[in-house]
Amino acid sequence: LAFCRGRVVRVPTGPLIRVAGTEVVILCSVSDYDGPSEQNFDWEFSRDTDFMRIVSTWDSTFTSEEYQKRVGRGDIKLRRSSNDAVELVIRNIQPTDQGRYKCSTPSTDATVQGNYDAEVQVKVISDGLSVSGSKARSPVSLRVSEGDSFKLRCSAITTSPEHTHLHVTWQMKSGSIWHDILSLTHEGKFQPGPGYEERYHNGDIRLDTGVNDTYWLSVSQASMVDGGAYRCLVSEWVRGADSSWQKIQEKSVEIASMAIQQTDVVISTSNVSVTERDSLDLTCNITTDRSGVFQAEVMWYFSASRDDTLSDAQMLLSMDHDSVVSDSTFISLSHIDRNSYRLLVRDVAVEDSGYYFCQAAVWVPLHNGSWHKVVEKISAPVSVSVTALEPDYEVFLNASKTPKFSDDPMELDCRITNAQDTKGNIRFTVSWYYRQHLHSDDVVTEELVATMDADWTLLLGDRSRERTQNGEIIFSKKAVDTYSLRIQWTSEDDRGDYFCIISAWSRHRNSSWLKSKDVTSASVSIFWATQDYTLTVEAVKLKPFFVAGHTFEMACKVSSKNIKTPRYSVLITAEKPLTDQSNLNGTTRIISLNQDSVVRLEDWADQTRVDGVVLEKVQENEFRYRMYQTQISDAGLYRCVVTAWSPGGGGMWREAVNGLSNPIQIDFQTSG
């Protein structure tokens with residue numbers, strides 16, 4: 001292996017066929033060498049046997065006299081591509097440059113091994129390639145309408161003595177850069193340029209060959225991006241000795257400058273404001289310079305949001321290119337003139353507010369009688385605002401029943417007054433709100449008591465839900481213009497400010513109801529002062545002296561304050577001496593009378609004297625207790641225990657306060 005290793009100098013496999021007048025580049029490289037990484041190169045040329053020195057990378061005196069002028073002008077130069085490779089560049093090669101070219105590398109190896117030079121044969125042929133466009137010497141200016149088709153012609157022919165192939169590329173200029181559209185390669189393959197693949201596969205861009213070596217670019221469905229300069233770029237290729245393809249020259253000719261006339265779709269009106277139940281009139285205009293026969297297909301769309309896509313929008317109405325209009329009750333579409341299409345929406349409603357836009361397609365007839373869509377555009381949206389016809393009315397709230405105490409009823413009436421323009425498609429609903437009284441300046445958010453939706457369904461707030469279900473709160477409609485809120489039995493938590501909101505609803509084409517106006521009443525304050533309940537109970541002995549066997553009489557006199565229409569229940573108790581073992585705690589409940597005057601024996605256990613005690617109501621605030629045939633065992637302290645009751649909700653009684661009287665003593669030792 002060590003014996004086989006050595007320096008290798010390489011040049012392309014010849015012969016290299018090149019065209020007179022073109023630039024020739026011949027690469028020379030070296031590998032498997034010793035010494036510095038950057039190697040030097042010498043180039044020589046021979047027509048017959050002797051070599052003439054052309055140029056060197058390391059010796060400025062290397063060039064022969066015959067080449068000094070061309071090297072000095074830069075027509076022949078070396079271009080280093082890497083440390084171990086260099087290119088010989090010959091500009092404007094001539095037939096006299098045909099011959100053998102030798103590349104040599106001075107030795108930097110420790111031992112001489114391998115080859116130090118290589119030769120390649122260059123054959124220079126005459127230029128037989130001709131590329132042309134139209135008969136005019138300069139590019140023609142063409143104009144087509146957007147969506148139309150156009151064709152451009154390029155002629156390319158070669159009379160080369162060698163077997164060469166042509167590579168034809170159509171290009172368009174964007175700014176200062178030429179972009180490939182479509183190529184027919186030297187290998188006979190079609191190759192679309194970047195960005196043109198889809199249009200090529202759809203058949204909208206084609207490259208066709210014709211007689212007399214012509215190459216046609218056909219563009220269908222022209223769009224605005226197709227406007228610009230077009231040229232035909234032709235390169236000539238030959239297969240080398242190593243079977244690889246080599247480009248030997250390239251020529252181009254600018255064919256045409258294309259201007260695409262844009263087809264535009266606009267709505268003639270800008271932002272529109274109309275009043276409910278009026279008509280909305282919009283016109284879609286198609287701007288085009290077409291002079292031939294064409295028909296338009298128009299579709300009107302509605303969208304609630306400006307940012308909605310076409311798939312999100314609602315199609316209102318359409319007219320195809322045969323002027324057949326889709327059906328609609330409240331919307332019509334008419335063809336005003338050649339390029340204008342009118343949308344008329346009758347009896348507009350608030351829900352018609354939004355964005356309107358039209359989509360238009362232009363169709364042209366084909367030779368076979370069918371129609372072909374050439375362009376389709378969408379207009380910018382127009383904002384339409386529909387102002388509701390608001391009914392005119394006022395709202396008045398008053399308290400028809402005002403509580404003065406807890407458990408009193410409260411009734412509020414919310415009335416619609418001075419109503420105008422409220423007939424027909426208008427209905428009213430009411431909402432009730434409560435706001436708590438605060439002593440500070442804190443802001444209190446109102447609480448929803450109840451509200452009605454458009455179909456008069458009552459929706460309860462958290463504050464009233466349970467009490468309404470229990471029948472404590474009643475919502476009603478007293479008259480066509482009056483709504484009522486009644487609390488059967490108020491509590492202190494019901495004190496505060498109340499207000500109502502009357503909502504007007506408008507009926508629309510689809511029989512739905514849409515709220516058009518809210519009017520809020522002034523608030524009504526519901527408040528009553530609260531004071532602590534007081535109850536005073538006095539026990540009075542009616543007979544100052546008596547002996548065993550006589551009747552004991554005691555009166556219970558009651559007075560109260562701050563209790564609404566009180567009633568009293570009375571209990572008679574006795575505190576016996578500790579020697580009495582019948583009641584270990586010392587207090588005996590004898591007899592009671594409740595607030596409804598029902599008498600009950602409590603702990604009275606003397607079966608021989610079942611009727612021996614009586615408790616009766618003398619008047620509203622006085623009660624009398626009698627005990628017949630008193631015995632020594634009846635000795636003790638007697639009291640009146642009184643409970644004051646006030647009316648509660650649902651006919652029930654609510655306990656207000658309790659009171660205990662002074663004691664009355666029965667003591668037989670001191671009374672005899």
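The values are calculated or read from the model by the stated rules, or taken from the named source; none is laboratory data. Just so it is clear, the model here is predicted, and its values are computed rather than measured. Here Cβ is always computed from backbone atoms with ideal geometry, including for glycine, and neighbour counts include all displayed protein chains. Heads up: the accessible areas ignore ligands, DNA and RNA and are worked out on the full protein's heavy atoms, side chains in. Shrake-Rupley method; radii C 1.70, N 1.55, O 1.52, S 1.80 Å.
Tabulated data for the structure shown
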quantity: Portion, in percent, of the accessible area of the stretch 534-666 that falls on carbon or sulfur, probe 1.4 Å; calculated: 51 percent
quantity: Filtered chymotrypsin sites (Phe, Trp or Tyr not before Pro), the stretch 1-95: DSSP coil and at most 11 other beta carbons within 10 Å; calculated: Phe3, Trp58
quantity: Electrostatic dipole magnitude of the stretch 288-391 [Cβ: Lys, Arg +1; Asp, Glu -1; Cα centre; debye, to 20]; calculated: 420 debye
quantity: Under 14 Å, Cβ to Cβ, from Ala259 - net charge with Lys/Arg +1 and Asp/Glu -1; calculated: -2
quantity: Accessible-area order (highest first, 1.4 angstrom probe) of the listed residues Asp455, Asp42, Asp307, Asp59; calculated: Asp307, Asp455, Asp59, Asp42
quantity: Amide hydrogen neighbours beyond the local backbone of Thr387, cut-off 5 Å, H modeled; calculated: Val274, Thr275, Glu276
quantity: Computed lengthening from Gln94 to Asp75, 0.36 nm per intervening residue step minus Cα-Cα distance; calculated: 5.7 nm
quantity: Members of Lys77/Lys102; Lys541/Lys564; Lys401/Lys478; Lys123/Lys251; Lys477/Lys515 lying beyond 18 Å, as alpha-carbon distances in this model show; calculated: Lys541/Lys564; Lys123/Lys251; Lys477/Lys515
quantity: Accessible-area ranking of Met299, Met315, largest first, probe 1.4 Å; calculated: Met315, Met299
quantity: Listed residues Ala296, Val225, Thr551: farthest to the positive end of the dipole of the chain (Cβ charges); calculated: Ala296
quantity: Residue list for the stretch 443-480, given a label point 7 angstrom along the Cα-to-Cβ vector of Trp513 and an amide N cut-off under 18 Å; calculated: 450-461, 475-480
quantity: Additional length obtainable on full extension of the chain from Arg609 to His179, 0.36 nm per residue less Cα span; calculated: 142.0 nm
quantity: Relative contact order [Cα under 8 Å, 6+ residues apart], the stretch 446-556, whole percent; calculated: 15 percent
quantity: Approximate spin-label separation Ser244-Val112, in nm, with each point projected 7 Å along Cα-to-Cβ; calculated: 3.1 nm
quantity: Rounded to 5, percent antiparallel among DSSP beta bridges of the stretch 1-145; calculated: 85 percent
quantity: Share antiparallel - DSSP beta bridges, the chain, percent rounded to 5; calculated: 95 percent
quantity: Percent accessible area from carbon and sulfur atoms, the stretch 3-109, protein chains only, probe 1.4 Å; calculated: 46 percent
quantity: Debye, to nearest 20: dipole size of the stretch 129-261, +1 on Lys, Arg Cβ, -1 on Asp, Glu Cβ; calculated: 400 debye
quantity: Highest-first arrangement of 394-407, 459-472, 556-569, where packing means the average Cβ count within 10 Å; calculated: 556-569, 394-407, 459-472
quantity: Cβ-derived FRET efficiency at R0 41 Å, Asp453 paired with Lys189, nearest 0.05; calculated: 0.05
quantity: Those trypsin sites (Lys or Arg not before Pro) in the stretch 305-347 that DSSP places in a loop and that have at most 16 other beta carbons within 10 Å; calculated: Arg306, Arg338, Arg346
quantity: Estimated dipole of the chain in Debye, rounded to 20 [Cβ of Lys and Arg +1, of Asp and Glu -1, Cα centre]; calculated: 560 debye
quantity: Furthest towards positive pole of dipole, Val348, Tyr434, Phe405, structure part the chain, Cβ charges; calculated: Val348
quantity: Alpha-carbon centroid distance for the pair the stretch 194-267 / the stretch 355-415, whole angstrom; calculated: 53 Å
quantity: Percent accessible area from carbon and sulfur atoms, the stretch 382-519, protein chains only, probe 1.4 Å; calculated: 45 percent
quantity: Relative contact order %, the chain, counting alpha carbon pairs below 8 Å whose residues are six or more apart; calculated: 7 percent
quantity: Which of Gln171, Pro566, His372, positive extreme of dipole for the chain (C-beta unit charges); calculated: His372
quantity: Solvent-accessible area of Phe294 with every protein chain in place, 1.4 Å probe, in Å² to the nearest 10; calculated: 20 Å²
quantity: Label-point separation in nm, Glu254 to His201, each point 7 Å along Cα→Cβ; calculated: 3.4 nm
quantity: Simple spin-label estimate for Lys373 and Thr13 in nanometres, 7 Å along Cα-Cβ; calculated: 5.6 nm
quantity: Read-out Cα extents along the principal axes in Å, derived from the coordinates shown; its label in (i) 177, 83, 43; (ii) 100, 69, 50; (iii) 102, 62, 49; calculated: (i)
quantity: Over the chain: helical MRE at 222 nm, DSSP H runs n ≥ 4 each giving -39500 (n - 2.57), nearest 500; calculated: -500 deg cm²/dmol
quantity: Accessible area (Å², 1.4 Å probe, nearest 10) - Lys247; calculated: 100 Å²
quantity: Theoretical gain in end-to-end length, Gln665 to Val598 [0.36 nm per residue, Cα-Cα removed]; calculated: 21.5 nm
quantity: Surface accessible to a 1.4 Å probe, per residue, for the residues of the chain, Å²; calculated: 53 Å²
quantity: Net charge contributed by nearby residues that have their C-beta within less than 12 Å of Ala529 (K/R +1, D/E -1); calculated: 0
quantity: Percent RCO, i.e. relative contact order, over the stretch 264-387, from Cα pairs under 8 Å lying at least 6 residues apart; calculated: 36 percent
